[in-house]
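Colleague: One structure, pasted below without further comment.
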Amino acid sequence: MTAPSSDQENLVRARATTIGLDLSPTCLPGVISNSALLTHYAKLVEQHTLPDTCEPAYEYIP
Amino acid sequence: MTRFSSAHAIAEAIRSGKKSAVSTIQETLNTLRTQDHGIQSVTHLFADEALLQAQKIDAMRQAGQTLPPLAGVPFGVKDLFDIAGHVTTAGSIVLRNMPPAQKDAAIVQRLKAAGAIPVATLNMDEFAYGFATVNAHYGTTHNPHDLARMAGGSSGGSAAAVAAGFLPFALGSDTNGSIRIPASLCGVWGIKPTFGRLPRAGAYPFSASLDVVGSFASSLDDLITTFYVMDGSTPAPEPATDTLRVSRLGGWFASNLAPELVAALDRVCASLQTTSTVELPEVASARAASFLITAAEGGNLHLPRLRKQAEEYDPATRDRLIAGALLPSSTYLQAQRFRNWFRTKIHELFQKTDVLIAPAVMGEAPLLDAPTIMVDGKPVSARANLGLFTQPLSLPGLPVLCLPLKNTGSLPLGLQLVAAPGQEAALFSVARALKKSGLAGCVPLPEKEMA
């Protein structure tokens, strides 16, 4: 496993601060690696240009 | 012996007076106390309450009353279903100081009204966030077919207890594959009903957009019977199998498969005379959207506790939940918008077909001490990737029946039968045909594990 960059760490810490969450040193590596995984998935979803009329599925009916 | 008996057989023995409900429950409790050490499927027994309920059923019979259909049948619940008078821990110690549940979960109420008796809570990944049932607080559930292997998760205790023959059926929940993956790896029947069909009241939540409650069973008849009890409806007429348009899912769902699974899929499709293959669009994005929605909603759900008692969580669960809580809102909303787009595509597909066939998991259960699987020629974490084929089908909320394959020459392998929303009866029709043809059925344990 490669060491997380300071940019990744700073981003995770900044986001945690905005929601009032203190990140302990023990959880930081795991949070950074999980955030990297979610960023990968976010890119897959965000590559799609959806029409403005495509609403979020708040009240989802299959 | 109640071990390996079906719910129908147990209920019939009690109804006919061959066995009492009390002796049935006593035998079941004894089996769970003495036979589960190597598997570790059980986290708590409801011995006193179960025996009390059994006494009431025996009293009803002695009084000449008509017994309900599942009278005296024992079952287990994933550790996230409320049982009145007990704290629902959801596979964690974080909730241990919460007040006991005031009433049973809705589907437990319906099953109890039909005479079934909850006897145990069953192990799971903490807060259902995993595919392995490797739990830092309550231990690892082992696969009854090979104790060195994963049972799958997150409802692994439920699948393992059914596969081991301890219980004829058990309840689980499925957000990204948590019924289908352990059902496949343990060789039992499983159903993830249409999103929203069964009431979730009293089931501890994980991801409100995706959570579905369902069940495992050792027999298809029991799976279907208990489904309609939980649904609170009378069984729907099943369409004749030969009138259904059955298609195989290709593309994403045809890659990374073990050779035994490819051969079994071929046999199943030949038996059903299925020649058409269809593909879902943007499957990788559908899986990603399911992943992101789960992470964001799970993270948000636990954020108040993560601020105060993060150290009490399983470290693996904690770090996933925190990462989910940190996701930008725009990412979550894009995933929810993509879900609606994908829904439209799914409905278009079901204009041309009725039932889809797909693998549930790519191969046999991974070894617990080498938890990797091969994806695109590379070893990757099993815990993160066992949902490769289940997660994309979670997103649209479709009903999926997980079917255990027989005679594969391997450890258990499973298929997903997928229908349009609300069309569970079509799944039951196809499953019955495959059972009748000998291609599907609960996979017997190897003799050394039966002892």
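The values are calculated or read from the model by the stated rules, or taken from the named source; none is laboratory data. Keep in mind it's a predicted model, so treat the numbers as computed, not measured. Quick reminder, even Gly has a Cβ in these numbers, built from the backbone with ideal geometry, and neighbours come from all protein chains shown. Heavy atoms of the whole protein, side chains included, go into the accessibility calculation; ligands, DNA and RNA do not. Shrake-Rupley method; radii C 1.70, N 1.55, O 1.52, S 1.80 Å.
Colleague: Quick one: what pairs do we get from region B:199-219, first residue more than 18 Å from B:PHE127 (Cα to Cα), second open to solvent by 10 Å² or more (accessible area, probe 1.4 Å), C-beta under 6 Å, 6+ apart or different chains?
Modeller: Going by the 6 Å Cβ cut-off, the qualifying pairs are B:PRO199/B:ALA106; B:SER218/B:CYS442; B:SER219/B:SER6.
Colleague: On to the next question. Is there any pair with a first residue in region B:413-431 that is free of Cβ contacts under 8 Å to residues at least 60 places away in the same chain and a second that is part of a strand (DSSP E or B) whose Cβ atoms are under 8 Å apart and which are 6 or more apart or on different chains, and what are they?
Modeller: Close Cβ pairs (under 8 Å, with a partner that is part of a strand (DSSP E or B)) do not exist here.
Colleague: Then there's this: B:THR274 - would you say it is within 30 Å of A:PRO25 (Cβ to Cβ), open to solvent by less than 40 Å² (accessible area, probe 1.4 Å) and polar (S, T, N, Q)?
Modeller: no
Conditions (1) over 30 Å from B:PRO193 (Cα atoms); (2) at the interface with chain B (Cβ under 7 Å from one of its Cβ atoms); (3) among the hydrophobic types (A, V, I, L, M, F, W, C), marked per residue:
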{"site": "A:ASP7", "(1), (2), (3)": "yes, no, no"}
{"site": "A:ALA16", "(1), (2), (3)": "yes, yes, yes"}
{"site": "A:ILE19", "(1), (2), (3)": "yes, yes, yes"}
{"site": "A:LEU28", "(1), (2), (3)": "yes, no, yes"}
{"site": "A:LEU37", "(1), (2), (3)": "no, no, yes"}
{"site": "A:GLN47", "(1), (2), (3)": "yes, no, no"}
{"site": "A:ALA57", "(1), (2), (3)": "no, yes, yes"}
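Colleague: Within region B:345-364, does at least one residue satisfy the condition of being more than 12 Å from every other protein chain (Cβ to nearest Cβ), crowded, with 22+ Cβ neighbours inside 10 Å and acidic (Asp, Glu)?
Modeller: Looking for residues that are more than 12 Å from every other protein chain (Cβ to nearest Cβ), crowded, with 22+ Cβ neighbours inside 10 Å and acidic (Asp, Glu), one finds at least one in region B:345-364, hence yes.
Colleague: For region B:318-424, give me every one of the helices (runs of 4 or more DSSP H) that falls completely inside it and has 3 or more residues that are under 21 Å from A:GLN47 (Cβ atoms) and of a type outside the set (Lys, Arg).
Modeller: Numbers: elements: B:329-349, B:382-385, B:391-394.
Once the helices (runs of 4 or more DSSP H) in region B:318-424 are filtered for at least 3 residues that are under 21 Å from A:GLN47 (Cβ atoms) and of a type outside the set (Lys, Arg), what remains is B:329-349, B:391-394.
Colleague: Filter region B:1-37 down to residues that are without any contact (Cβ under 8 Å) to a residue 24 or more places away in the chain, under 22 Å from B:THR121 (Cβ atoms) and open to solvent by less than 30 Å² (accessible area, probe 1.4 Å), then give me how many there are.
Modeller: 0
Colleague: Listed residues B:ILE25, B:ILE14; which is within 20 Å of B:THR225 (Cα to Cα) and assigned to a helix (DSSP H, G or I)? Before the answer, list the steps.
Modeller: Details: B:ILE25 fails: within 20 Å of B:THR225 (Cα to Cα).
Every option except B:ILE14 fails the conditions.
Colleague: Turning to a different aspect of this structure: How many of the residues in region B:293-342 are of a type in the set (Lys, Arg), facing chain A (nearest Cβ under 7 Å) and farther than 20 Å from B:ALA384 by Cα?
Modeller: Total satisfying the criteria: 3.
Colleague: OK, next. Using beta carbons and a limit of 6 Å, which pairs, at least six apart or on different chains, have the first residue in region B:85-108 and assigned to a helix (DSSP H, G or I) and modelled with pLDDT of 95 or more and the second one open to solvent by 50 Å² or more (accessible area, probe 1.4 Å) and not charged (D, E, K, R)?
Modeller: Filtered contacts from region B:85-108: B:ALA106/B:ALA201.
Colleague: Got a sec? Which of B:PRO259, B:PRO239 is under 20 Å from B:ILE357 (Cβ atoms), out of contact with any helix residue (DSSP H, G or I) (no Cβ under 9 Å at 6 or more places or on another chain), away from chain A (no Cβ under 14 Å) and not aliphatic (A, V, I, L, M)? Quick ask: steps written out before the conclusion?
Modeller: Working: B:PRO239 fails: out of contact with any helix residue (DSSP H, G or I) (no Cβ under 9 Å at 6 or more places or on another chain).
Just a single option satisfies the conditions, and that option is B:PRO259.
Colleague: Could I ask something else about it? Checking A:MET1 against (1) modelled with pLDDT under 95; (2) open to solvent by 70 Å² or more (accessible area, probe 1.4 Å); (3) at the interface with chain B (Cβ under 7 Å from one of its Cβ atoms), which single condition isn't satisfied?
Modeller: With (1) modelled with pLDDT under 95; (2) open to solvent by 70 Å² or more (accessible area, probe 1.4 Å); (3) at the interface with chain B (Cβ under 7 Å from one of its Cβ atoms) applied to A:MET1, the lone miss is (3).
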